[in-house]
Structure formats: C-alpha cells, structure tokens
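Asker: There's a structure below that I have some questions on.
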Amino acid sequence: MTDAAFLDAISTSYDTVADTYVERYPATRLGPLGHAMLRAFAEIVLAESKGPVADLGCGPGGLTAVLAGHGLDVSGIDLSPRMIEHARAAHPDLDFRVGSITALDLPDGELGGAVAHFSTHHLPAEELPGVFAEFHRVLAPGGHLLLGTHLGADEHLRPTEAYGVHPVTYEWFLFPGELIASLLTDAGLTITARLDQPNPKGAGRSFAYFLARRES
C-alpha cells in the first residue's frame, strides 16, 4: 500500500465512524493509569519545557481538552476532517486542525510537548521511523513526548468493519514494546519512563505508554 493509499484509508475510515464513535464514547476513554500518565506528562512539560503542546491524532478532542484542563497550551491535529468537526464543535475554545503525523505542518522545535495517544497503530513498521523523526523535529530541545499505543507480536490486522455497522479499510499493526522503544531511541528521543499494561480483559493485545525527551 502506498503512503497516499494508507493515509486515505485511515482518513476515510475515521470519517465514516466518527459520528458513531462520539455517540458511544462521549467522554475520554482513559483509565486510571492513562490519566496518571497524562498528569505526569503535563507536570513535566509545565515544569521543564513550558512550550505549547500538540495532541497528534486528537480525534474528537476529548483528550485535548483534558490536557488543557491540566494547564497546557494545547492544540489538536487529526487526519480525519469529520473528527476535527466534532472536536471544534465540542471544544470551540481550542485550536484543531486537519493534518497528518507523517508530515506535520509545524516549524522545527515548535513544541514543548507532544502527545500521540493511540494514533500510530495504523502505520506499518516502515513508516514509524519517519513519524518518530517528525516527533523529534517538532519538539524543542528538552521537549517531551507521551506515546500511548497498542502492543502485539508483529501482528497485522485487516478489519473490514467497526462498531458492527461501518465498513473500514484501515489496517492495524501491533508491534512489541521493545521495537517501539528502539525506534524512539533511534529517532533521537530518550525514554524517561515506560508503563506496560496487560489487557484488562485478560487476553488479546496489551498497551504501553512511553515518556520520552528530546535532548538536543
């Protein structure tokens, strides 16, 4: 699949499911550990890097609003125009833009922090080094990244529908945490903390959060 094709599949699929997603999940889907990681990230950014923050793959903006509630100067970026419409309607006081994490329309060193909350698992392995390099590029020296992602054993999933009603064409790529950590390091980011969480249902994919810093 070409770059344009997989990005179009992601955008179109999330445009298709956006209304149902917002209806089913009106609140941010964060458990206690997710909230703890967000609070820790916010405290670190406010204490150390102090710059603006981007929520990369913000969806309908719920997590962006949580970050704003922690005192961060935050904006949201998402590939799905329909998700951005929902985000702007729900949070008119915040800035939301359509964009791709593969090529962020941000200056070098613009951000004190970046959050990619379960927004990279639709990307094949060959795309991750470039995306993590983009995260490094847009962070200022001393800036921080919070990456949350699904984990798996190099699994490639091809769902055909979401929520039992909507056809989708995006794909899922689930990688071991060690690979994600290695790619973040290769991109020039220093991992400062990592939290692994087994699936709360006891089976299937697990989750992880990585806190990382751009040193220079």
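The values are calculated or read from the model by the stated rules, or taken from the named source; none is laboratory data. Just so we're clear, the structure is a prediction, and the values are computed from it rather than from any experiment. Positions of Cβ are backbone-derived with ideal geometry, glycine not excepted, and every protein chain shown enters the neighbour counts. With ligands, DNA and RNA removed, areas are computed over all heavy atoms of the protein, side chains included. Shrake-Rupley method; radii C 1.70, N 1.55, O 1.52, S 1.80 Å.
Asker: Hey, among the residues in segment 67-83 that are under 25 Å from GLY109 (Cβ atoms) and either among the hydroxyl-bearing types (Ser, Thr, Tyr) or outside any strand (DSSP E or B) (or both), which one's most open to solvent (accessible area, probe 1.4 Å)? Spell out the reasoning first.
Answerer: Residues of segment 67-83 that are under 25 Å from GLY109 (Cβ atoms), as a first pass: 67-68, 70-79.
Right, trim to either among the hydroxyl-bearing types (Ser, Thr, Tyr) or outside any strand (DSSP E or B) (or both) and you get 67-68, 70-73, 75, 79.
Numbers: LEU67: 0, ALA68: 34, HIS70: 60, GLY71: 52, LEU72: 14, ASP73: 108, SER75: 18, LEU79: 43 Å².
Among those residues, the one meeting the criterion is ASP73.
Asker: If you take the residues in segment 17-34 that are buried (at least 17 other Cβ atoms within 10 Å of the Cβ) and in a helix (DSSP H, G or I), which one is nearest to the chain's Cα centre (by Cα)?
Answerer: The extreme case among them is GLY34.
Asker: Looking at (1) of a type in the set (A, V, I, L, M, F, W, C); (2) in contact with a helix residue (DSSP H, G or I) (Cβ under 6 Å, 6 or more places away or on another chain); (3) over 19 Å from PHE6 (Cα atoms), which one does VAL138 not meet, given that it meets all the others?
Answerer: In the conditions (1) of a type in the set (A, V, I, L, M, F, W, C); (2) in contact with a helix residue (DSSP H, G or I) (Cβ under 6 Å, 6 or more places away or on another chain); (3) over 19 Å from PHE6 (Cα atoms), VAL138 misses (2) alone.
Yes/no matrix, rows are residues, columns are (1) within 26 Å of GLY31 (Cβ to Cβ); (2) out of contact with any strand residue (DSSP E or B) (no Cβ under 6 Å at 6 or more places or on another chain):
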site: ILE84; (1), (2): yes, no
site: SER100; (1), (2): no, yes
site: LEU104; (1), (2): no, yes
site: GLY109; (1), (2): no, no
site: VAL115; (1), (2): yes, no
site: PRO124; (1), (2): no, no
site: GLY130; (1), (2): no, yes
site: ALA133; (1), (2): no, yes
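Asker: Then there's this: Hey, ASN199 hits all of (1) part of a loop (DSSP other than H, G, I, E, B); (2) polar (S, T, N, Q); (3) in contact (Cβ under 8 Å) with a residue 12 or more places away in the chain but one; which does it fall short on?
Answerer: With (1) part of a loop (DSSP other than H, G, I, E, B); (2) polar (S, T, N, Q); (3) in contact (Cβ under 8 Å) with a residue 12 or more places away in the chain applied to ASN199, the lone miss is (3).
Asker: Separate question: Against the conditions (1) in a helix (DSSP H, G or I); (2) open to solvent by less than 70 Å² (accessible area, probe 1.4 Å); (3) among the charged types (D, E, K, R), where does ARG39 fall short? Just the number, please.
Answerer: All conditions pass for ARG39, except number (2).
Asker: Output the residues belonging to segment 1-16 that are more than 20 Å from THR64 (Cβ to Cβ), open to solvent by 50 Å² or more (accessible area, probe 1.4 Å) and under 18 Å from the mean Cα position of the chain (by Cα).
Answerer: ASP8, THR12
Asker: When you scan segment 175-189, do you find a residue that is touching a residue at least 60 places away in the same chain (Cβ under 8 Å) and within 29 Å of THR16 (Cα to Cα), even just one?
Answerer: Restricting attention to segment 175-189, the residues satisfying the condition of being touching a residue at least 60 places away in the same chain (Cβ under 8 Å) are none.
There is no residue in segment 175-189 that is touching a residue at least 60 places away in the same chain (Cβ under 8 Å) and within 29 Å of THR16 (Cα to Cα).
Asker: Considering only residues that are in contact (Cβ under 8 Å) with a residue 24 or more places away in the chain, farther than 19 Å from HIS122 by Cβ and among the small types (Gly, Ala, Ser), which ones fall in segment 41-60?
Answerer: Of everything in segment 41-60, those that are in contact (Cβ under 8 Å) with a residue 24 or more places away in the chain, farther than 19 Å from HIS122 by Cβ and among the small types (Gly, Ala, Ser) turn out to be ALA42, SER49, GLY51.
A quick yes/no check of all residues on (1) of a type in the set (Val, Ile, Thr); (2) in contact with a Leu (Cβ under 9 Å, 6 or more places away or on another chain); (3) open to solvent by less than 40 Å² (accessible area, probe 1.4 Å):
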residue	(1), (2), (3)
ARG97	no, no, no
ILE101	yes, yes, yes
LEU106	no, no, yes
VAL115	yes, yes, yes
PRO124	no, no, yes
GLY142	no, no, yes
HIS156	no, yes, no
VAL165	yes, no, no
THR169	yes, no, no
